[in-house]
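Peer 1: Sharing a structure, written as structure tokens. Questions coming.
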Amino acid sequence: MTLAHRLFAGSALIVVVFVALLVLLSGVRLNHELRALETQRLAREARLVAAMWAGAPDAEAFATTAGTTLGHRVTLIDSTGRVVGDSRFDLAGLEHLENHATRPEVVEARRSGMGSALRTSPSRGDEELYVAVRAGARTARVSMSTRELSDVTASAQRDVLISGAVGLVVALLLSLAFARRVSRPIVELRDVARALAQGDLTRRPALAAAGEVGDLGNAVHRMAEQLAARMMALQHEEGVLAAVIESLHEGIVAVDADRRVVRLNRSARELLRLDRALPFAADLLPRNSGLRDALTAALGGHAGEREEIVVDGRILALTARPLGSGGAVLALFDLTETRRLESVRRDFVANASHELKTPLTVIGGYAETLVTDELPAEQRVQFVQTIRANAERMRRIVDDLLDLSRIESGGWTPHAVSVDVAALAADVLATAAAAALARGLRLTTAIDPDARTVRADPTALRQVLTNLVDNAVRYTPPDGTVTVFTETAPTGSWLAVRDSGIGIAPEHLPRIFERFYRVDRGRSRDEGGTGLGLAIVRHLAEAHGGRVEIQSEIGSGTVVRAFFPASPVTTL
């Protein structure tokens with residue numbers, strides 16, 4: 001029920017009760033006043049009858065005449081209480097009337113001069129008002145039925161009731177108008193407050209009322225203005241905070257006191273492989289004991305030390321901190337690449353040291369022998385040639401390392417042009433012909449007519465093809481074949497080298513393009529390889545926006561492909 005309806009119902013109830021009380025009280029009061037007036041009038045009439053009775057010889061006839069004249073019942077009572085005259089009864093009827101000496105009005109009249117009583121008449125059965133006056137030793141009594149008084153009272157009550165009904169209708173109309181006038185601004189304030197509570201900060205009260213309601217409207221208006229300003233400031237700060245959190249490379253996970261994940265930035269989703277909509281239960285986080293223990297401790301109010309955990313093969317640095325509200329926040333930082341680079345650095349230092357140590361040891365040993373020992377000229381020439389070969393091997397290692405460093409550091413940018421692959425392949429195979437002939441290998445080409453040219457840096461493409469051909473020649477047994485071929489692709493061309501060599505075991509293929517990685521270290525060193533050729537091929541292809549692939553089976557040879565896009569994109 002609305003406020004207007006409650007005000008209207010309350011007003012209506014008050015008016016109805018007031019009208020009912022007015023009708024009731026007016027009837028009682030009017031009846032009392034009418035009885036008092038009638039008692040006085042009947043007393044005057046009884047005194048008149050008493051005065052005139054003294055000269056009347058026939059009491060019965062006098063009572064009848066007086067009753068007819070006055071319009072009321074007249075009763076004459078002698079000193080013994082016997083009725084000697086009554087305007088309502090004839091002489092025969094008087095004989096059956098009771099003695100009236102004990103009637104209350106008669107007793108009171110004989111004692112004080114006048115008495116009255118209200119009771120039901122034994123002769124008629126209705127209520128009558130009796131007034132008796134003492135006339136010497138006798139008593140004159142006048143009575144009337146109260147039905148007349150009741151009719152007057154009922155008529156008056158009807159008039160009051162009709163007036164009250166009219167007044168009730170008018171009052172209800174006025175109360176309805178008043179209720180609407182009072183409730184309208186309050187309802188408007190309620191709607192504005194409810195809209196503000198629901199987040200609609202554009203609502204404002206439009207009322208212009210006087211008094212307390214107007215003051216309340218102004219207060220709500222000011223509150224809405226302040227709330228909107230503070231909400232805008234909070235939204236701005238929230239936006240800045242969200243942008244900062246989303247831009248962090250660290251993963252941020254916020255958990256409330258009910259163990260629900262309520263905030264998760266993009267980095268955390270990627271690190272933990274989560275794609276659920278917020279919020280969700282913290283039990284749905286990855287099942288890692290270190291992560292669960294750190295979260296439980298933080299929710300218990302204990303800040304944990306930084307630790308490293310492994311989730312889905314990623315090495316993550318985890319820091320857990322409790323929140324004042326009873327929740328916790330987890331910070332995750334991906335150390336996988338850092339640890340990989342540290343491992344690469346360690347491996348590179350170890351491999352480079354190992355690769356350089358061997359020729360340096362050889363050079364130092366042979367040089368010391370040449371200095372301290374007297375050797376035949378033929379043996380001295382052999383020692384010098386060995387020193388020269390190891391120095392040349394060291395030079396190649398250093399040159400390859402410098403090439404890798406220049407490519408990886410961005411100091412070299414490819415300048416792509418259309419290169420004739422057939423001419424380039426012929427030139428590279430001619431350079432490797434002597435080594436191939438010594439091993440009894442056959443060098444061939446299979447250039448796709450649709451891929452006769454490749455968009456690449458000529459020097460880089462020559463280096464790629466030279467490294468691939470050198471590797472194929474080095475690891476292909478006698479009577480084998482090395483083939484340079486090209487293939488077309490929707491977005492570029494493949495330059496590839498196929499050999500019928502010994503092949504590579506599957507477990508070595510994922511790492512074959514790493515620096516200094518060799519399947520057979522002893523044989524590679526004997527063949528004169530540096531272990532950097534395929535790494536250089538991969539970096540040069542990626543510098544053009546391409547990639548490398550390798551396919552190999554033990555005893556079935558190897559195919560190494562380098563893809564060069566038709567529109568090279570520098571990735572350095």
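Peer 1: Skipping prolines and chain starts, which residues have an amide H placed within reach, meaning under 5 Å, of the one on residue 492, given they are 5 or more residues away or on another chain?
Peer 2: 566
Peer 1: Separate question: What is the log10 of I(q)/I(0) for the stretch 212-267, computed with the Debye formula using one identical point scatterer on each Cα and no solvent, at q = 0.12, 0.18 Å⁻¹?
Peer 2: -0.51, -0.73
Peer 1: Per residue of the chain, what 222 nm ellipticity follows from adding -39500 (n - 2.57) for every DSSP H run with n ≥ 4, rounded to the nearest 500? Present the calculation step by step, with values, prior to reporting the outcome.
Peer 2: On the way: 14 runs with 306 residues, N = 572.
Rounded to the nearest 500, the figure is -18500 deg cm²/dmol.
Peer 1: Tell me, in nm to one decimal, what length is gained between residue 170 and residue 337 on full extension, where the rule is 0.36 nm per residue of separation less the Cα-Cα distance? Please report the intermediate quantities before stating the final value.
Peer 2: Numbers: separation 167, 0.36 × 167 = 60.12 nm, distance 8.83 nm.
Using 0.36 nm per residue and subtracting the Cα-Cα distance, I get 51.3 nm.
Peer 1: Where in the chain is the longest stretch that carries no GluC sites (Glu not before Pro) classed as loop by DSSP and with at most 10 other Cβ atoms within 10 Å?
Peer 2: Working: sites that count: 95, 305, 374.
It works out to 96-304.
Peer 1: Same structure again: So what's Rg/Rh here for the chain, counting alpha carbon atoms and using the Kirkwood radius for Rh? If you can, show how the numbers build up before the last one.
Peer 2: Numbers: Rg = 62.9 Å, Rh = 37.6 Å.
Taking Rh as the inverse mean 1/r over Cα pairs, Rg/Rh reads 1.67.
Peer 1: Quick check: residue separation of residue 554 and residue 195 times 0.36 nm, minus the Cα distance between them. What number comes out in nm? Present the calculation step by step, with values, prior to reporting the outcome.
Peer 2: Details: separation 359, 0.36 × 359 = 129.24 nm, distance 7.59 nm.
The residue 554-residue 195 span can extend by a further 121.7 nm.
Peer 1: In the chain, which longest range has no trypsin sites (Lys or Arg not before Pro) that are both DSSP loop (not H, G, I, E or B) and surrounded by at most 12 other Cβ atoms within 10 Å? List each step's numbers first, then the result.
Peer 2: On the way: sites that count: 124, 273, 276, 287, 306.
Result for the longest clean stretch: 307-572.
Peer 1: Could I ask something else about it? How long are the semi-axes of the equivalent ellipsoid of the stretch 111-194, defined as square roots of 5 times the Cα gyration tensor eigenvalues? Whole Å, largest first. Intermediate results must be reported in sequence, preceding the final value.
Peer 2: On the way: eigenvalues 722, 38, 21 Å².
Ellipsoid half-lengths, sorted descending, are 60, 14, 10 Å.
Peer 1: Calculate the length of the line joining the C-alpha centroid of the stretch 75-101 to that of the stretch 285-333, in whole Å.
Peer 2: Cα centroid of the stretch 75-101 versus Cα centroid of the stretch 285-333: 118 Å apart.
Peer 1: Next question. Output ³J(HN,Hα) for the stretch 265-282: one whole-Hz value per residue in order, computed from phi by the Karplus curve 6.51 cos²θ - 1.76 cosθ + 1.60 with θ = phi - 60°, and x for Gly and Pro.
Peer 2: 7, 4, 4, 5, 4, 5, 5, 9, 6, 10, 10, 7, 6, 7, x, 8, 5, 5
Peer 1: Sticking with this structure for a sec: Could you give each residue of the stretch 161-175 its phi-based ³J(HN,Hα) in whole Hz, using Karplus coefficients 6.51, -1.76, 1.60 with θ = phi - 60°, and x for Gly or Pro?
Peer 2: Per residue, the Karplus-derived 3J(HN,Hα) values read 5, 5, 4, x, 5, 4, x, 5, 4, 4, 5, 5, 5, 5, 5 Hz.
Peer 1: Considering just Cα atoms, how many Å³ per residue does the convex hull of the stretch 3-152 enclose?
Peer 2: It is 121 Å³ per residue.
Peer 1: Grab the alpha carbons of the stretch 258-341, take their convex hull, and tell me the volume per residue in Å³. Don't skip to the answer; put the middle values down first.
Peer 2: Values: hull volume 7.3 nm³, N = 84.
That works out to 87 Å³ per residue.
Peer 1: Let me ask something else. Choose one of 239, 226, 214: the residue whose Cα lies farthest towards the positive end of the charge dipole of the stretch 199-246 (beta-carbon charges +1 Lys, Arg; -1 Asp, Glu; about the Cα centre).
Peer 2: 214
Peer 1: A follow-up question, please. In whole Hz and in residue order, list the ³J(HN,Hα) couplings for the stretch 469-485 that follow from phi through the Karplus curve 6.51 cos²θ - 1.76 cosθ + 1.60, θ = phi - 60°; x for Gly and Pro.
Peer 2: 5, 4, 4, 4, 5, 5, 10, 9, x, x, 6, x, 10, 10, 10, 9, 9
Peer 1: Distance from the Cα centre of the stretch 464-479 to that of the stretch 240-258, in angstrom?
Peer 2: 53 Å
Peer 1: Looking at 288, 13, 102, which one has the Cα that reaches farthest to the positive end of the dipole of the chain (charges on Cβ: Lys, Arg +1; Asp, Glu -1)?
Peer 2: It is 102.
Peer 1: Sticking with this one: Where in the stretch 452-481 does the label zone of residue 415 land, with the point 7 angstrom along Cα→C-beta and an amide N cut-off under 12 Å?
Peer 2: From the stretch 452-481, the list is 457-460.
Peer 1: How high is the FRET efficiency from residue 14 to residue 44, r the C-beta distance, R0 41 Å, rounded to 0.05? Walk me through the numbers before you get to the answer.
Peer 2: Numbers: r = 44 Å, r/R0 = 1.08.
Efficiency, rounded to the nearest 0.05: 0.40.
Peer 1: Going by amide H atoms built from the backbone, whose H comes under 5 Å of the H on residue 457, apart from near neighbours?
Peer 2: For residue 457, whose amide H was placed from the backbone, the distant partners under 5 Å are 415, 417.
Peer 1: Using the Cα atoms of the stretch 413-565, I'd like the radius of gyration and the largest Cα-Cα distance, Dmax, both in angstrom.
Peer 2: Over the stretch 413-565's Cα set, Rg and Dmax evaluate to 14.5, 41 Å.
Read-outs: derived from the displayed coordinates by stated rules, not from any lab. Predicted model only: the values in this text are computed from it and were never measured. Glycine gets a Cβ as well: all are built from the backbone with ideal geometry, and neighbour counts include every protein chain shown.
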